[in-house]
Every structure is written in C-alpha cells, then in structure tokens.
Amino acid sequence: MSTAEASANIALIKYWGKRDARLNLPETGSLSLTLAALRTRTDVTRIDAPSDRFTLDGTCVEGRALERVGRFVDLVRDMAGRSDRVEVTSSNRFPTAAGLASSASAFAALAVASLDAFGVEMSPSEISRLARRGSGSAARSVFGGFCRMHAGVEPDGRDAFAVPFEGAALELVAAVVVAKASKKTTGSTDGMNLTQKTSPYHAAWVTAVSRDLLAAEDALRAGDLMTLADVVEGNCLAMHADAMAARPGILYFKPSTLWAIEAVRGMRKEGTPVFFTIDAGPHVVAFTLPAYLDAVVEQLAGHPEVECVLRSTSGEGAHLVG
Ligand code: 2P0
C-alpha cells in the first residue's frame with residue numbers, strides 16, 4: 001500500500017477558464033497558498049480484481065466519481081505499462097459535511113500515492129503536470145507554501161504546471177469561514193465552462209488576471225499586505241462578476257458571504273491587516289498575519305449561517321507518508 005498526504009490550496013489570483021478541456025489546460029496562470037488545515041490522506045493498493053474501487057471518508061463511491069479516479073490512475077498505469085486495478089481509500093482531515101471537499105488535495109495526494117504504487121518516478125514539475133489532469137488546482141497542491149501555476153502555451157500542456165513561488169516577504173495565515181451546508185452549487189468545472197462560453201465579461205477577466213498576477217507577486221515580494229489586499233480582493237470579485245454574468249448567471253454568495261466580506265473590510269479599515277477571497281462556493285477565506293489570527297477568527301464567527309471558522313497556517317506539498 002502507498003499512502004500520500006496533500007493539502008488543499010486557496011488561490012490569491014484565481015483560475016477560471018480552460019484553454020483545453022481534454023488536457024485540462026488553464027487559460028491563465030494563478031497564484032495560491034497551500035493550507036495545512038485542509039488535508040487529504042489517500043492510500044492506493046494494487047489489487048487482483050476486475051475493476052477499481054474507491055472509498056471516500058468511509059463510504060464506497062461509484063459512478064462518475066469512481067470513473068474520474070479510474071481515468072486518472074489510467075495515466076499512471078499507462079506510464080508503468082501495467083493494467084492492475086487499484087483500491088483507493090481517501091479521507092479528508094477537515095469537516096467535509098461543510099462542503100469544503102477539495103479536488104486539489106484529492107488529486108495531488110492520488111498522484112503521489114499512485115506513482116509510488118506503480119513504481120513510477122517523476123520530478124516535482126512532472127507530478128504537478130500529472131495532478132493537473134485530475135484537477136487544475138491540484139497542480140498547485142503538489143507544492144507547499146505560495147505556488148505559481150503557469151498556463152503555458154504548448155498544445156500538449158508540457159509547460160502547464162506549478163512551481164513554488166520564491167521570495168514572499170509575508171507569512172500569511174488563514175481563517176476559513178465555513179458557511180452552513182446549503183443546496184449544492186454549480187461545480188467549478190461546469191461553472192467555469194459556462195462562464196467561458198456565455199459571459200460577456202470573460203475576455204476582460206483573462207486580461208485582468210495577467211495584470212493581477214504581476215501586481216500580487218510584486219506585493220508579496222515587497223511584503224506590502226495592503227496592496228496585496230486590493231489586488232486579491234479585486235481579482236476574487238472580478239472572477240465572481242464574470243461568473244454572475246454567465247447565462248444563466250452563477251451566484252456562489254450566500255448572506256453569510258456578504259456579511260464576512262463586510263466584516264473583513266471593516267477590520268481592515270480599523271487597522272487589522274486582513275483581506276478576503278472566495279472560491280466557487282459560499283465560504284470566505286480571510287488571510288492575515290499570525291499575530292492577528294485570533295482576533296480575526298473571533299470576529300468572523302458571529303453570523304447565524306456560519307458553521308465554524310477553521311484556522312490554518314501554510315501547508316506542505318504532497319508527500320508520501322508511512
Ligand atoms: C482556483 N477554483 O484558482 C479557482 C477559483 C475555484 C475558484 O481551481 O475543472 O476544481 O477540476 O480543473 O481545479 C477549482 O477548479 O477545476 C478552482 P477543474 P478545479 O482555485
């Protein structure tokens with residue numbers, strides 16, 4: 001049995017659109033921080049059976065999710081020249097009932113465990129490229145800390161992988177404001193495909209990302225949290241504006257999302273170094289400096305639709321354990 005762990009990551013500058021759906025190539029680059037608290041552990045064992053098996057958080061999974069895992073492991077089977085089926089057992093070390101399940105930590109951990117199970121050796125960039133085939137954001141969870149995903153230009157995707165971002169002069173920690181579970185929202189893949197096809201703002205989004213990436217990298221290197229706050233919040237709201245302008249519009253915000261945005265901006269106005277970002281769901285992630293985390297967590301817990309506020313430092317990249 002091969003066991004790997006990986007942590008989810010939260011993008012400061014977001015990925016929202018693909019240049020190739022089959023190879024899962026992003027339209028733009030992105031910039032993220034891997035979060036220690038959102039961890040997935042995955043075991044992969046080669047088995048003598050007619051088909052793959054997948055258990056997630058103690059429940060046997062079938063249908064599309066099992067097929068997605070099987071197709072991903074096929075990439076590793078092809079490299080190894082083997083056809084053995086596998087048993088994949090995965091567990092998330094955070095409250096999945098809250099809808100925080102992450103394809104980033106899942107496919108980064110599955111990539112590392114599957115390669116080990118089939119005895120295939122790869123460089124970290126090659127592992128990132130492989131993880132990307134499972135999920136675009138998984139390419140970033142191969143690495144710890146800040147991470148820069150390159151969109152690349154090659155049709156075969158050989159230059160579309162993540163690398164660690166060096167030289168950050170800020171140590172960011174996160175408060176994850178988990179909204180109470182509500183009806184399932186549009187998944188990221190479907191959401192970005194619909195946005196790309198129908199949103200009149202999408203071309204402007206793509207242009208904005210290149211500019212935001214440069215500005216965010218400069219601010220991170222300069223340790224300029226207030227400039228980073230403007231760029232990251234602006235990029236997040238631009239992604240959501242793009243999605244909201246799709247037909248039909250995709251709206252991920254809930255009342256607690258808007259409440260948390262206001263709370264974060266209120267704290268910043270009062271002098272707390274904190275800023276927010278929001279992925280394809282209602283949860284708000286507030287980034288701050290370690291000395292302010294307790295106060296930020298306390299302020300963000302006070303809405304009736306907030307399930308809990310998780311605290312996280314930056315996390316490690318995907319690795320084998322045991
Ligand atoms: C991001 N998200 O950069 C953006 C922001 C969600 C909002 O990457 O289709 O699950 O599997 O490549 O990786 C989530 O997208 O999408 C995502 P696929 P994925 O973090």
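The values are calculated or read from the model by the stated rules, or taken from the named source; none is laboratory data. Nothing here was measured: the structure is a model prediction, and the numbers come from that model. With ideal geometry, Cβ positions are generated from the backbone for all residues, glycine too; neighbour counts draw on all protein chains shown. What goes into the accessible areas is simple: the full protein's heavy atoms, side chains included, and nothing from ligands, DNA or RNA. Shrake-Rupley method; radii C 1.70, N 1.55, O 1.52, S 1.80 Å.
When a/c reaches 1.5 or more, the comparison of a/b and b/c decides; with that in mind, is the stretch 228-322 rounded, prolate or oblate per its Cα gyration tensor?
oblate
For the chain, find the longest principal axis of its Cα atoms and tell me its angle to the long axis of helix 188-198, 0 to 90°, nearest 10.
70
Provide the per residue accessible area, probe 1.4 Å, for the stretch 2-167, rounded to a whole number of square angstrom.
Per-residue value: 39 Å².
When the Karplus curve 6.51 cos²θ - 1.76 cosθ + 1.60 is applied with θ = phi - 60°, which whole-Hz ³J(HN,Hα) does each residue of the stretch 71-83 get, with x for Gly and Pro?
Running phi through 6.51 cos²θ - 1.76 cosθ + 1.60 with θ = phi - 60° gives 5, 5, 5, 3, 4, 6, 4, 4, 5, 7, x, 10, 10 Hz.
Exceeding 26 Å between C-alpha atoms, which entries from my cross-link table qualify? They are 14/184; 14/180; 184/269.
In this structure, 184/269 lie more than 26 Å apart at Cα.
Name the residues whose placed amide hydrogens come within less than 5 Å of the amide hydrogen of residue 321, ignoring near sequence neighbours (fewer than 5 apart) on the same chain.
HN-HN under 5 Å from residue 321: 3, 4, 5.
Working out 0.36 nm times the residue gap between residue 226 and residue 180, then minus their Cα-Cα distance, what length gain in nm do you get to one decimal?
Length gained, residue 226 through residue 180: 13.6 nm.
Please list 29-35, 144-150 highest first by mean number of surrounding beta-carbon atoms within 10 Å per residue.
Going from most to least packed, we get 29-35, 144-150.
Near the amide H of residue 86, under 5 Å away, which other amide H atoms are found, from residues 5 or more places off or on another chain, if H is placed in the peptide plane?
Under 5 Å from the amide H of residue 86 lie the amide H atoms of 47, 52, 53, each far enough along the sequence or on another chain.
Per residue of the chain, what 222 nm ellipticity follows from adding -39500 (n - 2.57) for every DSSP H run with n ≥ 4, rounded to the nearest 500?
Rounded to the nearest 500, it is -12000 deg cm²/dmol.
Using a Cα-Cα cut-off of under 19 Å, which lysines could be cross-linked to residue 18, ignoring same-chain neighbours fewer than 8 residues away?
List returned: 197.
Scan around residue 307 for amide H atoms under 5 Å from its own, H built in the peptide plane at 1.01 Å from N, and keep only partners 5 or more places away or cross-chain.
The answer is 178, 179, 180.
Roughly how far apart, in whole Å, are the Cα centres of the stretch 4-37 and the stretch 179-233?
Spelled out, the Cα-based centre of one part sits 11 Å from the other.
For the stretch 186-276, calculate the relative contact order in percent as a whole number, restricting contacts to Cα pairs under 8 Å that are 6 or more residues apart.
RCO, the stretch 186-276: 33 percent.
Got a sec to turn the phi values of the stretch 218-233 into Karplus ³J(HN,Hα) couplings, 6.51 cos²θ - 1.76 cosθ + 1.60 with θ = phi - 60°, whole Hz, x for Gly and Pro?
4, 5, 5, 5, 7, x, 9, 5, 5, 5, 4, 4, 4, 5, 5, 5
Which value, in debye to the nearest 20, describes the size of the charge dipole of the chain about its Cα centre when Lys and Arg Cβ atoms bear +1, Asp and Glu Cβ atoms bear -1, and nothing else is charged?
So the magnitude is around 700 debye.
What aspartates and glutamates could a cross-link reach from residue 254, if we take a straight Cα to Cα line under 12 Å and drop same-chain neighbours fewer than 8 places away?
305
Please determine, in degrees from 0 to 90 and to the nearest 10, the orientation of helix 103-117 with respect to the longest principal axis defined by the Cα atoms of the chain, where the helix direction is its Cα long axis.
Result, in degrees: 30.
Defining a contact as two alpha carbons under 8 Å apart and six or more residues distant in sequence, what relative contact order in percent does the chain show?
25
Once you have a ≥ b ≥ c as the square roots of the Cα gyration tensor eigenvalues for the chain, tell me rounded if a/c is under 1.5, and otherwise prolate or oblate according to whether a/b is larger than b/c.
prolate
Per residue, what accessible area does the stretch 237-322 have, given a 1.4 Å probe and all protein chains present, in Å²?
Solvent-accessible surface per residue comes out at 47 Å².
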